[in-house]
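A short write-up of the structure that comes next.
Just so it is clear, none of the values below were taken in a lab; they were calculated from the coordinates. As the structure is a computational prediction, the values presented were derived from the model and not from experiment. In this analysis, Cβ positions are derived from the backbone assuming ideal geometry, glycine residues included, and neighbour counts consider all displayed protein chains.
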Amino acid sequence: MNKKLWEPSKNIKKSSNLFKFEKFISNRFKKKFNTSFEKIHNWSIKNPQNFWDSIWDYSNVKGIKHKNKIKKSSKFYKNIFLPNSKLNFSENLLSKKTDDKAITFISENGYREIKNWRELNKNVKKVANCLKILRIKSKDRIAAYMPNTSETVEAFLGTVAIGAIWSSCSPDFGVNGVAERFSQIKPKVLFVTNEYFYNGKRINIAERIPEIIKKIPSIKHIIISKYPGQPEIKKLPKYKLVKVHNWKKIIEQNDPELSFSKFDFEHELAIVYSSGTTGKPKCICHKTGGVLLQHLKEHQLHSDIKENDNVFYFTTCGWMMWNWLISVLASKASIVLFDGFPMFKSEDLLLRMAENEKITLFGVSAKYIDALRKTKKNFKKLYKFSKLKTICSTGSPLSEDSFNYVYKNIKKNVHLSSISGGTDIVSCFVLGNLYQPVYSGEIQNKGLGMDIRIFNEKGKSILNKKGELVCVNPFPSMPLKFWNDKNDKKFKKAYFNKYNDTWHHGDYAKITNKKGFIIFGRSDTTLNPGGVRLGTAEIYSEIERFKEIKEALVVGQSWDNDVRIILFIILDHKFKLSDYLLKKIKLQIKKNASPRHVPHKIIKVNDIPRTKSGKIVELAVKDIIEGNKIKNREALANPDSLKEFKNIKELQF
């Protein structure tokens, strides 16, 4: 029986956005919900057209709402919400034009700068105007290779303001990782920051530009910004066929006139990327209206974000939580951006920032909370967190120990909201709310409007048993498509192959007696170290370059409330697994994929399990090293190879 750790008071419930929304729909539809989350949720999934229409009205979305609420289709992902409605994403994030702070940027070394709403509005318009001068049109792709700074936010909002499609990678991705993603979408413009800092180390990004241009010939313009707090860029580099522009000159231009054009609810907003487990990362294209409505719902009704709140999430621009954080501006709250190592020179760096910045929602990964827990420090003695209402955790499952630690050592009276969703929907399936208690180890409930269930292998709903997390009803933030995916072939395979007309997400989960959720991790072979989804394909592509290695297999091993990457290799008989080779492998992966892709352990084996068609079977190895039952052993061409992976001593520490 999981322990109740916190329960919202009557006053908290009655002053919440959820309560205001309950009154809003009660008056509109003449129904009583009696502050019951279950009743509101049941109504939201039985009346999707009224529910999502109400989110638009309750949140005061700026746009033209058509009278039709939903266009139904026999295909799950072809259901269209609010068809023929029009809006501008940037306009909805920039409705405030005061001198109040909109963005606070803080670097790991303590450099801090603030942009108010007036400045943010002006700068976004200048970026949008610049892109228009460069003849960027609606649906052209714009890419960014930038750290988590105010300039990145302005580049994003300027891009989507004119209907162009945004896509970003964080600079910890190597050139190959960037090229694998951006080359598929053929961007015309690349925003780049000249450098960034991580754990005290300066990393030059500008020097990577020539190789990026070579690999992505569609790029015709590069806009370079300097890293905040650093000297101005004295001289711009020159390249053949590519024109380079200085961000500073764009921002120094006179204030342009810019009216926000309205785009279809289904208009392309941004392209994010799958982890690349089975090949090149899939380009997941999200739509304007669906993302806005879903984020407004999650921010206001589930996270209780209000105007003038101060919201922080530790993220890079390569993770979907960055998109989630930026959308907070639509609720007229300010956002806090942190860039760098979260424990630079001090294990409580982010906690100190939360105190100093009077943060109201503090978002981090489960791994970060676990790292704090291992310090065994009581931070309640150091910080009051007087403004802190919500702590969010995502990226990987939050352990019971970490739940308990938050209430015991960080803050007693706080809403701990463990959330889970994905890049695929750029939002959440399950998350918190202010009507229900928080129980140790459990996510509180489903997202409103989302009919989430747990299926067994036969596609039957199960309770209190581990199974596959699915969504059985359409929702607005379903991706529009995968880029370059003829007849939606890859799209259908990714989400609708396992169960008929049901979104299959690829997470193992369980619904508890209290209607809460426990997430156990990925049911596919995606790696998830530190809560960041990574693909095995990017590691394989580097390993293939080694003449010493005949074949390899990569898995994520559940370890110490996280996941660590294990690389198994079959060596060519001429070579040995020397320290030099181990170092060389790790360095190559770090340089060309990213530091997160570097294996925790590299282990030599004699054989690797494969199917009769020759495909290696990662999941079977993952199951065997974690002591799980092997499924479909009969499908293997060499089932005896699994014996070598049992009880490997190196995996016990």
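Things to note:
- Summarised in one figure, the compactness ratio Rg/Rh of the range 1-113, Cα atoms and Kirkwood Rh, is 1.08.
- Karplus (6.51, -1.76, 1.60) ³J(HN,Hα), θ = phi - 60°, over the range 356-370, in Hz, Gly and Pro reported as x: 5, 8, 6, 5, 9, 10, 10, x, 9, 8, 4, 5, 5, 4, 5
- Dipole-positive endmost among 2, 175, 642 within the chain (Cβ charges, Cα centre): 2
- Taking one quarter of the surface of the C-alpha convex hull of the chain gives a mean projected area of 29.0 nm².
- Compactness of the range 405-493 as Cα Rg over 2.2 N^0.38 Å, two decimals: 1.36
- Label-point gap, in nm, between residue 607 and residue 628 - each point 7 angstrom along Cα→Cβ: 2.4
- Distances between placed amide hydrogens fall under 5 Å for residue 144 paired with 167, 168, 169, 191, all partners being 5 or more residues away or on another chain.
- Restricting attention to the range 120-203, the count of lysine pairs at 8 or more positions apart or across chains with alpha carbons under 16 Å apart stands at 8.
- Sites residue 456 and residue 246, calculated FRET efficiency, Cβ-Cβ separation with R0 56 Å, nearest 0.05: 0.45
- Computed FRET value (nearest 0.05) for residue 578 with residue 254, which takes r as the C-beta separation and R₀ as 41 Å: 0.05
- For the peptides 74-83, 164-173, 202-211, residues were scored by their other Cβ atoms within 10 Å and the scores averaged per peptide; the highest-first order is 164-173, 74-83, 202-211.
- Residue-count net charge about residue 398 - beta-carbon cut-off 13 Å; Lys, Arg +1, Asp, Glu -1: -3
- Each residue of the range 251-265 is assigned a 3J(HN,Hα), and the resulting list reads 6, 7, 5, 5, 4, x, 7, 8, 9, 7, 5, 8, 10, 4, 3 Hz, derived from the Karplus form 6.51 cos²θ - 1.76 cosθ + 1.60 (θ = phi - 60°), x at Gly and Pro.
- Cα shape, the range 214-354, gyration tensor, a/c 1.5 rule: rounded
- Difference of contour (0.36 nm per residue) and Cα-Cα distance, residue 98 to residue 382: 98.8 nm
- Which listed pairs, of 510/601; 297/332; 492/629, have C-alpha distances above 19 Å, in listed order: 510/601; 492/629
- Phi to ³J(HN,Hα) by Karplus 6.51 cos²θ - 1.76 cosθ + 1.60 over the range 178-187, Hz, x for Gly, Pro: 5, 5, 4, 7, 5, 4, 6, 9, 6, x
- Long-range amide H partners of residue 336 with built H, under 5 Å: 104, 311, 312, 313
- Additional length obtainable on full extension of the chain from residue 650 to residue 114, 0.36 nm per residue less Cα span: 188.1 nm
- With N as its number of residues, the range 304-399 has a Cα radius of gyration that, divided by 2.2 N^0.38 Å, comes to 1.05.
- Subtracting the Cα-Cα distance of residue 307 and residue 486 from 0.36 nm times their residue separation leaves 60.2 nm of extension gain.
- For residue 521, nonlocal amide neighbours, meaning residues 5 or more places apart or on other chains whose placed amide H falls under 5 Å from its own, are 508.
- Cross-linked pairs 72/465; 547/604; 262/287: Cα-Cα separations exceed 21 Å for 72/465.
- Estimated 222 nm signal from helices in the chain, with DSSP H stretches of n ≥ 4 weighted -39500 (n - 2.57), rounded to 500: -7500 deg cm²/dmol
- Value of relative contact order over the range 535-606, rounded to a whole percent, pairs C-alpha under 8 Å and six or more apart: 33
- Computed from the C-beta positions of residue 590 and residue 643, the FRET efficiency with R₀ = 35 Å rounds to 0.60.
- Structural descriptor for the range 432-548: relative contact order 22 percent, calculated from alpha carbon pairs under 8 angstrom and at least 6 residues apart.
- Placing +1 on each Lys and Arg Cβ and -1 on each Asp and Glu Cβ, with no other charges, gives the range 502-573 a dipole about its Cα centre of roughly 480 debye.
- Taken along the Cα-to-beta-carbon direction at a fixed 7 Å, the label points for residue 346 and residue 78 span 5.7 nm.
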